[in-house]
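Peer 1: Structure incoming, see below.
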Amino acid sequence: MALSGLDIFKLLPKTNCGECKVPTCLAFAMKLAGGQAKLEECPYVSDETKDALADAAAPPIAEVLVGQGAKEFKTGAELVLFRHEKRFVNPTGMAIMVSDAMADDELTAKVEAATKDSWERVGQQLEVKLLAVKCESGDGAKFAEVLKKIAGMSDLALMPMSEDVDVMKAAVDAVGDKNPLLYAATAANLDAMGALAKEKNLPLVVKGDGVDSLAELSEKAMGMELKNLVLDPGTRDLKSTLEALIAIRRGALNSKFKPFGFPTIVFPCEETDDAYFEGALAGIYIAKYAGIVVTSDPDAWMQYPLQVEIQNIYTDPQKPMAVDAKFYEIGSPGPDSPVLVTTNFSLTYFIVSGEIEASKVDSWLGIVDSEGQSVLTAWAAGKFVPDIIAKFINTSGIADKVNHRKLVIPGYVAQISGELDEELPEWEILVGPREAADISTYLRNMVAQ
Ligand code: SF4
């Protein structure tokens, strides 16, 4: 359970020595509770207190790491039931299901698509996170070969799937060094599968037959000192899966029920043969807390909308998405190219830069630090006003890159043009269009004159 600042303060030395670079122990405790400081920054915390704090400060839903290197995938670590209470932490990971019974070319095509396809949106790269590899042959040696082949083609995190412990041992021998997520421990194999996961220090899915049996299995797995668990309620229909996801999340957060304090995995690809319905199911489960969603199709028609949904849900509502404040080259601008300026709200940047690109008029786009706010909001908050814009222009070096002094500002802040004229006496301030859709025509007319 997350501790309050006051709870943490009670465990600190209370000497207010300031060595943590915060004036008082109370202020340090508050920063610690807010995730803005680390316990190690106080050199006087005893080992016992460290253990107590680490345990007590652990999130109610554990964080589980799968895979390794640049494509390591994190799930769990969630703190709240509703995003507006704080934020959701680790975005749902989309997984693609393949099997050792697939024809070679089909398997290769799916693995390549899942690995290579990614989509840039609002400055973030959206992509599949895992490959779920099912053993349908029942042959451990064949399964191991397929896993090795996939690992040679893809650096995505792997989830070998078999409830046969001998088959899973072969899988672990083949790709165990890649920190795969083992699927799955069940009531029938928990002792042996749990022992394998513990011996190899690998994350493990615990699969129940409904939430009640899942709770029992998870508790038993915890009793085996397994900490990196992912929960599959074993349900394979919309109503049961949705109820299970909600029950598990509420159990972990509201009732502090530790066996449910782990991320979840669901399988829309096993709930229907209708690909469109599968996509709809995945969308519903993403909205209701699923940590990992396994689907059958890596193609953009299914993945992209789901990835956008994940991006929207897991964006921190208290932290506007922003791009770096600087001048961006849109196309290949030269000394005669237009100079435009706007705010650093990501959506503003991507819409404006997209419209400039579409105009085919190479331009300089200046992005002013407005704390991630859009044009009108930033202006109203005093973050996109003449003195700030002028300071940005004067320190950006743009005057050395162009041989004219014409600066285009967004039409929505036409009212600042006079004052900006005074702040930037060498520049002619031009009021651009209010709507981004009109930028293209505006720029083409501008260069035609
Ligand atoms: S270093 Fe430790 S004891 Fe000193 S003020 Fe910070 S929290 Fe308190």
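Peer 1: Scan ALA77, ALA95 and give me the residue that is surrounded by 16 or more Cβ atoms within 10 Å (Cβ to Cβ) and either within 16 Å of the ligand (Cβ to nearest atom) or more than 19 Å from PHE260 (Cβ to Cβ) (or both).
Peer 2: Answer to the check: ALA95.
Peer 1: Pairs please, first residue from region 13-32 and without any contact (Cβ under 8 Å) to a residue 60 or more places away in the chain, second anywhere and in a helix (DSSP H, G or I) and within 6 Å of the ligand (Cβ to nearest atom), Cβ atoms under 8 Å, 6+ apart in sequence or on different chains.
Peer 2: PRO13/CYS25; LYS14/CYS25; THR15/CYS25; ASN16/CYS25; CYS20/PHE28; VAL22/PHE28
Peer 1: Can you tell which of LEU217, LEU231, LEU202 is in contact (Cβ under 8 Å) with a residue 12 or more places away in the chain and part of a strand (DSSP E or B)? Talk me through it step by step, then tell me what you get.
Peer 2: On the way: LEU217 fails: part of a strand (DSSP E or B); LEU202 fails: part of a strand (DSSP E or B).
Checking each option against the conditions leaves just LEU231.
Peer 1: What tally of residues in region 1-45 results from selecting those that are away from the ligand (no atom under 11 Å from the Cβ) and over 27 Å from GLN318 (Cα atoms)?
Peer 2: 1
Each row is one residue, and each column tells you yes or no for (1) at pLDDT below 95; (2) within 36 Å of the chain's Cα centre (by Cα).
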{"position": "GLY372", "(1), (2)": "yes, yes"}
{"position": "HIS404", "(1), (2)": "no, no"}
{"position": "LEU407", "(1), (2)": "no, no"}
{"position": "GLY411", "(1), (2)": "no, yes"}
{"position": "GLU422", "(1), (2)": "no, no"}
{"position": "GLU426", "(1), (2)": "no, no"}
{"position": "VAL431", "(1), (2)": "no, no"}
{"position": "TYR442", "(1), (2)": "no, no"}
{"position": "GLN449", "(1), (2)": "yes, no"}
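Peer 1: In this structure, does THR49 turn out to be closer than 28 Å to PHE257 by Cβ, β-branched (Val, Ile, Thr) and assigned by TED's automatic domain parsing to the domain that holds PRO160?
Peer 2: Answer is no for this residue.
Peer 1: Among the residues that make up region 264-278, is at least one of them touching a Gly at 6+ places or on another chain (Cβ under 6 Å) and in a helix (DSSP H, G or I)?
Peer 2: There is no residue in region 264-278 that is touching a Gly at 6+ places or on another chain (Cβ under 6 Å) and in a helix (DSSP H, G or I).
Peer 1: Right, next: Any idea which of ALA171, ALA132, ALA141 is loosely packed, with under 15 Cβ neighbours inside 10 Å and either assigned by TED's automatic domain parsing to the domain that holds GLY67 or touching a Cys at 6+ places or on another chain (Cβ under 6 Å) (or both)?
Peer 2: Exactly one residue qualifies, and that residue is ALA141.
Peer 1: Test each condition in (1) hydrophobic (A, V, I, L, M, F, W, C); (2) more than 19 Å from LYS326 (Cα to Cα); (3) at pLDDT 95 or above for ALA437 and report the one that comes out false.
Peer 2: (3)
The values are calculated or read from the model by the stated rules, or taken from the named source; none is laboratory data. Only a predicted model underlies this, so the values are computations on that prediction, with no experimental measurement involved. Ideal geometry is used to build each Cβ from the backbone, glycine not excepted, and the neighbour counts take in all protein chains shown.
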